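The values are calculated or read from the model by the stated rules, or taken from the named source; none is laboratory data. None of these values were measured; they are calculated from a predicted model. Note that we place each Cβ from the backbone using ideal geometry, even for glycine, and neighbour counts take in every protein chain shown.
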Amino acid sequence: MYKVGKKWVFASLFMLSLGSFMLTDVSVRADTQDKLNSNDNNTRTALTATAADPSSQAPVSEAADTTQEVSTTAEPVQSAASKSDAVVAPSSDGTAHATGTTSAASQVSSTGSNEAMSDTQQTSIATGNESAASSEAAISTSASEAAPAASTTPESAATSTAASDNAVPTSDGNKSASSSKSSVPTDSNVSLTEDAKKADSTASDLELTDNGPATAKATTVKLGQRAMFSAPADDTGTDDVEAVVNSYNELVSQGKITDNTTMDVTALSDDQLKALKAAIVKSGKTVTLAKVDATAQNLSAAAVDTSSPSYQMGYTDAWNDLKNGTGKVPTIADIVDAYNNSPLVAGSTTEHTMLNADGTPAWTGRKIPATDGVSITWNMDLIGTYPLNQKGYWKLGSTFLGNNKTLTLSDYRAGYAAYVKDYAKQMVNFMTQVQNQVQNPDNGDKLVNTTKYNSSDLTATSDIWSIFGTAITTVIGKLLNVLGQKDVTSSNPAIFGVNTNSSDSTVNDLVKSSVTTINGFIALALPYIQNGIMNQALSDIRSFGGSQGSQTDGFSVTLPATLTEAMNLNAPLQKLASAFGFGNVISSTIVNNVYLSIAKGVRTAINSHFQTGLDAAVANIMNGTVPAIDYTKVTGYSTTDIGKFATTNQNAGDITKFVEAIGYAYGQKLVPAILKMAVNNVTSNTGTLTARQIVDQLHADKVISDTEYTLLTTPGTTGTDSAGNPTTKYSEVTGKVNYQANPTGAMNTILAIYNAEVNAINQAKADFAANPNTTIDSSKVQFVNQGTAGNNVYDSKTGTMTVSTAITVNAGDYAKILAYLQSSDAAKQGQADADVTSHDQKNGQVVDISTTDKTFKGDTSLLSSDQLKNSLDAIVQSLGQSASSTLGKYYIESYNAEAKLANAAFAAGQQAANEQAKSDYFKKNGTLPTATVGDDSVSTKVGDVTYSGANDGTASDYSSTSGLGGFATGTAFVDGYVKNTQTAIKNALNDIYNDTHVQASNAASDASRASDAAESANAYASAASDAALVNPNNATVASDAKVASDAAVSADEQATVAKKGASDAAVQEKITSDAAAGDGNASDAKAANVAESAAASDASDAKAAADKAERDRDNASNAAKDANNGAIESLANSAASDATSRAASAASDAKVASDAAVKAASDASAASDAAVKNPAAQSDAE
């Protein structure tokens, strides 16, 4: 429900769908009309009519006692032939006669005795994506709620008829019909319920307020749905205009209004409708507006109705205007420009509305009516062909008894714009195709090769077009034959072919016709333009820069910035422009864009093949590579007069090869001189040049002419148009129009070639210095041709546009210089000379050098390129004629490295001599084994390195038989060995003496030790003997004494032996002492070795004797101890025996005494007793 101010409107959204059907002849009876007029307006009927043919809005009346319930689904415009052949022609009484294939579904329902029906009329405004919205004509009616029925109508009663294809008005205005087809509704079809006030299940409830837009509360309006705005008939107040517009815009922003949405606007005022229509146009949506009149009287459309006579009149007028105007390229251009400049369809980035903001068509070919209400009338034409298969057309005016209507301006404008938009969209597609496909390299090559090259085209003055006048577009083929050219457009369908896709065959026909016109213009103009571009590019040294440059600064190959400039190249093009309807200035954006696309495609092809030839020349000069094509065989080939070569006419099919030959010729002309400068600068070590300095030298050396020098050194000039966009200017040079191309690209390419050569030589020297034996990589240094980069490349298969990258050519002199350096004998000479110094000095102290007066040279045959051969002496000198040259430095480095190796080898030889002086060979022979160069029988190891006469690490890069001098590896080792032989022997003899001296000293010590042991042993033997004498009868003691005596004797003997060994060792010491003091001759050495051995033996004997004597001493000591102990024991035993005897005697005496004591005690006791008894006897007792 919508609330607008104080009014309430009821809203419902429902799907409309039903197959095609034809309107049957219906009239309204007076009694039925009365019923309708007397109805309480609670019953409503919705009529939706969106016609597929322009006459479907002919007057229609109804007559029925029953309620029909029919639903339809509006469909977008398709081909008129495929959708419907229905044609309605006005009859004398205004009744429509229809033909075609239709279907109808009717249903009679029991709703009461008095049911009312009302007419509805629906119109549509076509904007946005649909060029003309149309569908099969349909009538949809629905019963409203009524009072309970007193009677019931038949359950079903419906008829459907279709007029024959050749139907004509009958006398009573009724239709004659034949044939009908039924259509089963799809799932999206929605039939109206008995209550028209009830919305379907997908309806959106929206509320409009006085303060702003509607607020959506439910489902978004779906495609094909119908939004109904209705209000009670007695509510006739004026609604707020702004609220309606705001509500509509809000629904659009929320996505609730989509193309093909139907809106019932019964409740809206005229002002509101007008404002709503403007909002719909601005939004670019295709919306159908339906207005219901509760009084069942037909009303004029309040919005655009695609089936209205006014819409169809605009549609047909547009067809007529296009048919009459699109035979001229300027008109086509104007239409396409107008389309591109019109507002975009909402939500689209590419599609335009073809309507101005005020709803007027963006382009018109006539003065269209300015106001509503003028009379229009139907003009029947059963023979003619009209859009959408109409059999006639609407036109201004009225006829007596004719089918006269009044014009609805909005419908007329919409119909006009819809047709032009359909046409313009296809023309845009064609022009976009041309712009893209010409950037495909294969297409571009084919296009360029289609046209034969005629250098005089640039300055042609003939007026061939005047022969044919305005009929030029019909005789293009003949003109091309006269010119001897092929039709570039028909020969290149990938670029200029046309594919139409409109549902209206008349649009497709016009598009094809227009493309034919455009292609005719291109076919006649392109050869001149292409040849003009080629002539300038091929005869202009600035083309050396290829694709380099920018729109702001200008390019190396510059084009006329606009088609106007291009058409002003010569008289034929100027006449051609006039013949095709152009004025002095061709201002069309689209035409200029297409021209620039084609021209740039031609330029890209020319640039690419020019640079292919140039690269072939660079590869040939730098590397000796022979081109796959023998460009010298191309007609007119010359390196001395390229200007003349560039004006040599060429046959179609040979153009790209010709362009390559021009590039090759320029390369052969300029590159050798550029490389020569580079070589000279590097070899003379005078620094590198700038691009301007190079060009100055080329000019001074007469390599380039004064004109070419001027072109290269004068910056290109660009101007700007009134909008500030850059435009290319051109001036007269040598009598021809010459575009002021930017020379920067050519200068860059010249400098890049120069630097590639400089880098090749310098990099070779640097790599050689870092590693003289490095592997040669021929691609390490390259010429990078930026003139091949930056071209748009279109891939027709993927539809993608990419940008080309720079092509490279190997700078072959890198490999040549490096190979030359590696072939030199500088390293070999450095090694040989260091080895000679080592052998001469024989001291292992070869010192480093920092300079040399020698010169060096490699294999000059390796310097095979012309630029190197032409500067051979300078190259040889710069690379090896001084200590600071590459080879001079290498010689010094090699010499110093070899010196270190030779010194190490010499030291190793000395070490080996010292080792051999301790060998068995020396002990046996008194001499060292001989070390010989080439023999490894004498060797030594220092760390992990083994040195010998066969290999001592020297002379690794040369042979002693190579004629460079030097010596074989092992020489330094042998030199050190031999040099140290006598010293080693002397040192060995000193070592022998020292050893012998030690042995003699040890022997003397041992002799003393043995003597001491013998003396001790004798003492022990004497003690043992004394013990035996004390105990003469003790056999054990006597035995021990015998052992001690024998040990003492043995010790004396060992002492004698030790003394002799010591004496002999002393003798040997004297021998070695004398030998060490001598000159180290073999006899002394042998004697010393023998003496050393003997001394060792004597010392060993002395030691053994001393050790034995000490053992004998120990034995004597032990025996003496045993004898002494035995003697002591024997004496102790004797004493014990005597003591025992004496003890026994004492015991006996003690017994006697004891007994006497006992007796005395007894006596004493008796005396005591007596004394007791007899005191007188006390004294006796005491």
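Among the residues making up segment 700-725, those that are of a type outside the set (Asp, Glu), at pLDDT below 55 and over 18 Å from Ser547 (Cα atoms) are Gly719, Thr720. For Asp825, the requirement of being within 22 Å of Phe967 (Cα to Cα) and surrounded by fewer than 24 Cβ atoms within 10 Å (Cβ to Cβ) is met. Restricting Thr364, Thr399, Thr353 to residues that are out of contact with any Pro (no Cβ under 8 Å at 6 or more places or on another chain) and modelled with pLDDT of 90 or more narrows the list to Thr364. Among the residues of segment 921-935, at least one is buried (at least 24 other Cβ atoms within 10 Å of the Cβ), out of contact with any strand residue (DSSP E or B) (no Cβ under 9 Å at 6 or more places or on another chain) and assigned to a loop (DSSP other than H, G, I, E, B).
Restricting to segment 620-631, and then to whatever is among the aliphatic types (A, V, I, L, M) and in contact with a Phe, Trp or Tyr (Cβ under 9 Å, 6 or more places away or on another chain), can you tell me which residue is farthest from Pro672 (Cα to Cα)?
Just the residues of segment 620-631 that are among the aliphatic types (A, V, I, L, M), to begin with: 621-622, 626, 628-629.
Next, only the ones that are in contact with a Phe, Trp or Tyr (Cβ under 9 Å, 6 or more places away or on another chain) stay: 622, 629.
Numbers: Met622: 9, Ile629: 20 Å.
If we take residues in segment 620-631 being among the aliphatic types (A, V, I, L, M) and in contact with a Phe, Trp or Tyr (Cβ under 9 Å, 6 or more places away or on another chain), then Ile629 is farthest from Pro672 (Cα to Cα).
Look at Leu576 and say whether it is at pLDDT below 90, in contact with a Phe, Trp or Tyr (Cβ under 7 Å, 6 or more places away or on another chain) and not basic (Lys, Arg). So Leu576 passes the test. Might you let me know whether segment 377-391 holds any residue that is in the same structural domain as Glu351 (by TED's automatic domain parsing), touching a helix residue (DSSP H, G or I) at 6+ places or on another chain (Cβ under 6 Å) and either closer than 27 Å to Phe496 by Cβ or surrounded by 24 or more Cβ atoms within 10 Å (Cβ to Cβ) (or both)? There is at least one residue in segment 377-391 that is in the same structural domain as Glu351 (by TED's automatic domain parsing), touching a helix residue (DSSP H, G or I) at 6+ places or on another chain (Cβ under 6 Å) and either closer than 27 Å to Phe496 by Cβ or surrounded by 24 or more Cβ atoms within 10 Å (Cβ to Cβ) (or both).
Looking across segment 748-806 at every residue that is under 24 Å from Thr688 (Cα atoms) and of a type in the set (Asp, Glu), the one that is surrounded by the fewest Cβ atoms within 10 Å (Cβ to Cβ) is identified as Asp767.
Taking segment 518-560, which residues are in a loop (DSSP other than H, G, I, E, B) and either of a type in the set (Lys, Arg) or farther than 28 Å from Gly325 by Cβ (or both)? Lay out the reasoning, then the answer.
Narrowing segment 518-560 to residues in a loop (DSSP other than H, G, I, E, B): 539-540, 546-548, 551-553, 556-560.
Of everything in segment 518-560, those that are in a loop (DSSP other than H, G, I, E, B) and either of a type in the set (Lys, Arg) or farther than 28 Å from Gly325 by Cβ (or both) turn out to be Ser539, Asp540, Gly546, Ser547, Gln548, Gln551, Thr552, Asp553, Ser556, Val557, Thr558, Leu559.
Of all residues in segment 911-920, how many are surrounded by fewer than 22 Cβ atoms within 10 Å (Cβ to Cβ), of a type in the set (S, T, N, Q) and touching a residue at least 24 places away in the same chain (Cβ under 8 Å)?
First pass over segment 911-920, keeping only residues surrounded by fewer than 22 Cβ atoms within 10 Å (Cβ to Cβ): 911, 914-915, 918-920.
Next, only the ones that are of a type in the set (S, T, N, Q) stay: 911, 914, 919.
If we keep only those that are touching a residue at least 24 places away in the same chain (Cβ under 8 Å) too, we end up with 911, 914.
Here the count works out to 2.
The requirement of being in the same structural domain as Gly1126 (by TED's automatic domain parsing), farther than 30 Å from Ala1127 by Cβ and either among the hydrophobic types (A, V, I, L, M, F, W, C) or assigned to a helix (DSSP H, G or I) (or both) is satisfied by Ala1088. Applying a threshold of 7 Å to beta carbon distances and a minimum spacing of six or more residues, or different chains, the list of pairs starting in segment 614-628 at a residue that is more than 10 Å from Val671 (Cα to Cα) and ending at one that is assigned to a helix (DSSP H, G or I) and not aromatic (Phe, Trp, Tyr) reads Thr625/Ala619; Val626/Asn620; Pro627/Ala616; Pro627/Asn620. Applying the condition of being acidic (Asp, Glu) and surrounded by fewer than 19 Cβ atoms within 10 Å (Cβ to Cβ) to segment 1102-1128 and asking which residue is nearest to Ala1019 (Cα to Cα) yields Asp1114. Scan segment 375-394 and tell me whether some residue there is closer than 25 Å to Ala333 by Cα and charged (D, E, K, R). Scanning segment 375-394, I find no residue that is closer than 25 Å to Ala333 by Cα and charged (D, E, K, R), so the answer is no. Within segment 1045-1068, the only residue that satisfies the criterion of being under 21 Å from Ser1117 (Cα atoms), surrounded by fewer than 18 Cβ atoms within 10 Å (Cβ to Cβ) and among the polar types (S, T, N, Q) is Thr1056.
For first residues located in segment 364-383 and closer than 12 Å to Trp394 by Cβ and in contact (Cβ under 8 Å) with a residue 24 or more places away in the chain, partners that are part of a loop (DSSP other than H, G, I, E, B) and of a type in the set (S, T, N, Q) and lie 6+ apart or on another chain with Cβ distances below 8 Å form the pairs Ser375/Ser398; Ile376/Ser398; Thr377/Ser398; Thr377/Thr399; Thr377/Asn403; Trp378/Ser55; Trp378/Asn403. Could you list, in sequence order, the residues of segment 828-869 that are closer than 30 Å to Gln910 by Cβ, buried (at least 16 other Cβ atoms within 10 Å of the Cβ) and hydroxyl-bearing (Ser, Thr, Tyr)? Passing the criteria: Thr837, Ser838, Thr852.
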